[in-house]
Amino acid sequence: MVNTDGEGDAGGVDAMSIDENGVIVLRPARYEEALPQDGGATAACHDVAMEEVQGTVCMSCTKTRMKGTEEAETEEAATVQGSKEGAEELLLKVVYGEEEAYKLYCDYGHRTGFSVRKGKQSYFTGTKRIRTKDYFCSKEGLKEAEKLTDENFHDPHTRTNCRAMVRFRVNGRGEWKVIRLVSDHNHNLAKPEERHLLRSARSLIAGRSCSTADAVLYGGYQVVGAPSQMAVSTSVTNNAETPRPDLLPGFSGMTRTSTIGTGDLQSLVNQLKSRANVDGMFYWDVQLDRGGRMTNFFWRDGRSRADYDCFGDVVVFDSTYRLSKQNMICAPFVGVNHHWQTTMYGCALLVDESLSSYKWLFKSFLDAMGNRHPRSIFTNQDQVMSKAIEEVFPNTCHRIANWHIQKDAASRLGALNGSKAFNKMFTKCTQGCDSEAEFEETWAEMLREFKLQDNKWLNKLYKLKQKWCGALNKCTFDGGVENEPQSDILSNIFTSIADTFTSVSTIVVLVDKLTDDWREKEFDEDMRCSQRPPACIIKHSAILNHAAKVYTHRIYKLFETYFLDGCGATKSKELQCEDSDTYRFEMTMQGRGSRVCTVDLNKSTMQLTCSCSQFETMGLLCSHTLKALSIKNVCKIPEMYILKRWTRDAKQWVFNPKQYESSYQECMDDEAAYCNHAMRYAYDLVMKSQGQEELRRSLWETLESGEKELEKYLGNVTQYEESYAT
C-alpha cells in the first residue's frame with residue numbers, strides 16, 4: 001500500500017512515496033543508514049545507497065541535492081498534451097495551497113465543460129508537505145464491473161477512462177505551479193448552458209456546504225455573548241410515537257417554557273442576520289411574547305422561495321422532531337420537485353404547540369412565499385394545528401399523512417400490529433378503496449372481525465376520515481407524496497440529525513447541510529436530463545418517445561410503468577355513447593381482482609376522464625387512459641395532460657410575468673407587484689449565471705445595456721418636462 005501521508009514505521013519497515021511521474025518509490029529503512037553523514041559527500045551518497053539497496057528507484061537522493069535543483073525545477077515549463085486553448089491562466093498562475101489549486105483547475109473545467117476529481121499526491125521525503133498533487137477529469141478511470149456501451153458512454157455517472165488531468169508541483173517557497181496538463185477528453189463536454197450543473201461547479205454556485213457549519217462549530221463565526229462551547233448537549237428526536245406534550249415532564253398544558261440560553265439565542269439571531277446579508281432573498285421571522293422575549297423562529301433561503309414557486313402545490317409540514325434539551329420543536333416545510341425528490345421550503349423552531357404559535361408560523365410562511373397558498377398540506381394528527389390550518393389556509397386541503405397514522409397505530413393498537421390480516425384491511429381503508437361505499441364497508445368489516453367497535457383511537461380516527469382516506473380525496477392533488485418510496489423518505493425527514501447533540505444555533509447549519517444534500521441530488525438529475533432523454537423500453541412507441549422528451553427521467557419511468565400496465569395487462573371493453581365524439585371504455589387490470597375503471601375520451605377536444613382519478617391526484621395519466629389512447633391510435637400525450645411541474649423545463653420561465661397575462665397586467669398596474677416579480681426574476685437569472693464566468697459577464701452586459709436604456713429614457717423625459725415647463 002502506498003504511504004500517501006508521509007509517515008512510515010520505525011525499524012526495518014519500508015517507506016513508500018510517489019515520484020512526479022506517478023512511479024512508486026520503495027525506500028527501505030536502512031537506506032538512511034547508507035547515506036553518508038558528511039555534508040560534502042553528497043555526490044557519492046547515491047551510489048552507496050544503491051549498492052546497499054539494489055533495484056530501488058530513489059525519488060530524491062539527499063536534501064542537499066534536492067535543494068540544489070529546487071530552483072531549476074520550479075522554473076521548468078509545463079508539459080502540455082493536447083490543446084492549450086483556454087488554459088493560459090491555468091498554466092501561468094501561481095497559487096499557494098491545495099484548495100487554491102483545486103479551484104484553479106475547477107475554474108478551467110467549468111470554462112471547458114467537465115467536472116473535476118481530486119487525485120493522488122506525493123510528499124517531500126520524511127515530511128507531510130505535499131510535493132506534487134494531481135487532479136483528474138471526473139470521468140477518469142473505469143468503475144468496477146461496469147462495461148462501456150454506446151448507451152451509457154455519455155451518461156454523466158459513467159467513467160470513460162478519460163486521461164485529462166493536471167499535475168501541480170510545490171517548490172520550497174510553497175508555490176504551486178502546473179508542470180503537466182493533459183487537455184484532451186474522450187467524451188462530450190457540457191454545453192455552456194449546462195456547465196453550472198457540473199458537480200465541481202457547486203462550490204461556486206452555493207458555497208461549500210460545510211463552511212458555515214465549520215465556522216459556527218469551530219470558532220470561525222464570532223458571536224457577541226455566545227458561550228465558548230457552542231455544541232450544547234441536546235438532541236433532536238422524532239417524537240411521533242410519544243404521548244401528548246402536556247403529559248411529558250416540563251410541559252404545562254398546551255404551552256411550554258423554552259430553556260434556550262441567551263448566548264445561544266443571540267448566536268441564532270446573528271446567524272440568521274448573517275445569512276440575510278449574503279442571500280438577498282433570504283427571509284426570517286421571529287415571534288415575541290408579551291414580555292418582548294423571542295419565542296418562535298422561521299426561516300427560508302432564496303432558493304426555497306424559487307422552489308416553492310415551481311412546486312409549492314403540495315407541502316408536508318412535520319412537527320414531530322424535538323430539541324429535548326431546549327424543549328423546542330424543529331419543524332420543516334418540505335415538498336417534492338420535478339424529479340420526485342424532497343425539496344426544502346423552510347424550517348421553524350417553536351417553543352410550544354399552541355394555537356397562537358401555529359397561526360403565527362403559518363402566516364409567516366405565507367408572507368415568505370408571496371401569500372401563495374398550497375393546494376394540499378400534509379401534517380400529523382394534531383387538532384390544534386388543524387384549527388390553525390383552517391384559519392390561515394382556508395382554501396387548502398388539509399390531509400393527515402398516512403405515515404403518521406401508521407406510526408400512531410404502532411403505539412395504539414398493540415398486538416394487532418403483528419396481524420397481517422388486520423394490516424391488510426387497515427391499509428386498504430387508508431389507501432386501497434375506490435369509493436366511499438367501499439371504504440365504509442371495509443372499515444365496518446375490520447371493526448367487526450377484530451372486535452374493535454369500542455377502540456377510542458380508531459373511533460376518533462374515523463371522525464377525521466375526510467383528511468386521510470384516499471377514496472374521499474380523489475380530486476385532491478397530492479404529488480404522489482403518499483406513494484412509496486416517497487412516503488418513506490418524507491416520514492424520516494430529519495433522521496440524519498435525529499441523534500445529533502447540538503445547540504439551536506447550529507440547527508440552522510444542519511438543516512442547511514441537509515438541504516444542500518437534497519439540492520446536490522437535484523443537480524445530478526438535472527445534469528442527467530440535460531444530456532439525453534431516458535431510454536424507452538419500446539423504442540418505436542411514439543407516445544413513450546414523446547414522454548421521454550418532456551418528462552424528467554424519474555417521472556418518465558413512472559409514466560412508462562403506467563403505459564406498460566395499460567397496454568400489456570389491461571382488458572378493455574368499448575361502450576356506446578350518445579355523443580359521437582366521445583368513446584367510453586371499461587378497463588380491468590389483470591391480476592387486480594374484478595376492479596373496473598371507466599374511461600371517457602373525447603377525440604375532438606382530447607379530454608380524458610377516468611374513475612380512478614390518478615391524473616387529478618398525481619398529475620400523470622393512468623394506465624386506463626393510456627390504454628384508451630392506444631386503442632384510438634393517439635400517438636402523443638394531449639398537451640393539457642402534461643403537468644409542467646413534472647417536466648424537464650419545470651423551472652424555466654417561471655418568474656417571467658409575460659408568461660401569464662394576469663401576472664403581467666398586475667405588474668403594470670401595481671408597483672409592489674412589479675417590484676416583487678422583478679426581484680424574483682432577477683434573482684433567478686443571477687442564480688443561473690453564477691457557475692459560469694461567461695454567463696456572469698453576459699448578465700452584467702445585459703444589465704448595463706438595460707441601465708443605459710433607462711438613463712436615456714429618463715433623460716428624454718426630464719428634457720421634455722423642462723421644455724414643457726418653459
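The values are calculated or read from the model by the stated rules, or taken from the named source; none is laboratory data. Everything numeric in this text was worked out from a predicted model, so none of it was measured. Note that we place each Cβ from the backbone using ideal geometry, even for glycine, and neighbour counts take in every protein chain shown. Please note that ligands, DNA and RNA were not included when accessible areas were found on the heavy atoms of the full protein model with its side chains. Shrake-Rupley method; radii C 1.70, N 1.55, O 1.52, S 1.80 Å.
Percent relative contact order of the stretch 393-466, based on C-alpha pairs within less than 8 angstrom and at least six residues apart? Walk me through the numbers on the way to the answer.
Working: 23 pairs, mean separation 14.5, N = 74.
Relative contact order here is 20 percent.
Between CYS675 and THR561, the contour length at 0.36 nm per residue exceeds the alpha carbon distance by 36.6 nm.
For the stretch 76-121, the solvent-accessible area of protein heavy atoms averages 52 Å² per residue (probe radius 1.4 Å; ligands and nucleic acids excluded). Segment LEU189..SER698, full-extension length gain: 181.2 nm, with 0.36 nm per residue of separation and the alpha-carbon distance subtracted.
Under 5 Å from the amide H of GLN341 lies no amide H of any residue 5 or more positions distant or on a separate chain, with H modelled from the backbone and absent for Pro and chain starts.
If I take R0 = 45 Å and measure r between the Cβ atoms of VAL596 and ASP649 in this structure, what FRET efficiency does the formula 1/(1 + (r/R0)^6) give, to the nearest 0.05?
Details: r = 37 Å, r/R0 = 0.81.
So, using R0 = 45 Å, E works out to roughly 0.80.
Modelled spin labels at GLN531 and LYS128, positioned 7 Å past Cα toward Cβ, are 3.7 nm from each other.
Counting only protein heavy atoms and a 1.4 Å probe, the stretch 592-641 has 45 square angstrom of accessible area per residue. Taking the Cα centre of the stretch 114-156 as reference, the dipole from Cβ charges on Lys and Arg (+1) and Asp and Glu (-1) amounts to some 620 debye.
Taking the accessible area of the stretch 72-121, probe 1.4 Å, and keeping the other protein chains in place, the carbon and sulfur fraction comes to 50%. Of the residues ASN296, LEU366, PHE378, the one whose Cα sits farthest towards the positive end of the charge dipole of the stretch 277-424 is PHE378 (charges of +1 on Lys and Arg Cβ, -1 on Asp and Glu Cβ, taken about the Cα centre). Nearest 0.05, what FRET efficiency do TYR641 and ASN395 give at R0 = 30 Å with Cβ-Cβ as r? That pair, TYR641 with ASN395, gives E of 0.80.
The modelled label-to-label distance for the pair LEU710/HIS157, using points 7 Å beyond Cα in the direction of Cβ, is 4.4 nm. With both labels modelled 7 Å from their Cα along Cα-to-Cβ, the GLN383 to CYS475 distance reads 2.9 nm.
For the stretch 113-155, calculate the relative contact order in percent as a whole number, restricting contacts to Cα pairs under 8 Å that are 6 or more residues apart.
Details: 37 pairs, mean separation 14.7, N = 43.
Relative contact order here is 34 percent.
Of the solvent-accessible surface of the stretch 494-621, computed with a 1.4 Å probe over protein heavy atoms with every protein chain present, carbon and sulfur atoms account for 49 percent.
Each of ASN545, PHE563, PRO534 was scored by the projection of its Cα onto the charge dipole of the stretch 528-569, and the greatest displacement toward the positive side belongs to PRO534; charges sit on the C-beta of Lys, Arg, Asp and Glu. Name all residues of the stretch 608-629 having a backbone nitrogen under 16 Å from the label point set 7 Å from the Cα of SER572 along its Cα→Cβ direction, giving them as ranges. Output list for this probe position: 608-612, 621-629. The lysine pair count for the stretch 360-429, using Cα distances under 28 Å and pairs eight or more places apart or on different chains, is 7.
Rolling a 1.4 Å probe over the protein heavy atoms of the stretch 297-376, with every protein chain left in place, gives an accessible area that is 44 percent carbon and sulfur. Total lysine pairs in the stretch 81-181 at Cα distances under 15 Å, for residues eight or more apart or on different chains: 12.
Test of understanding: what is the full-extension gain from LYS549 to GLU438, defined as 0.36 nm times their sequence separation minus their Cα-Cα distance? Could the numbers behind the result be given before it?
On the way: separation 111, 0.36 × 111 = 39.96 nm, distance 3.90 nm.
That pair, LYS549 and GLU438, stretches by 36.1 nm at full extension.
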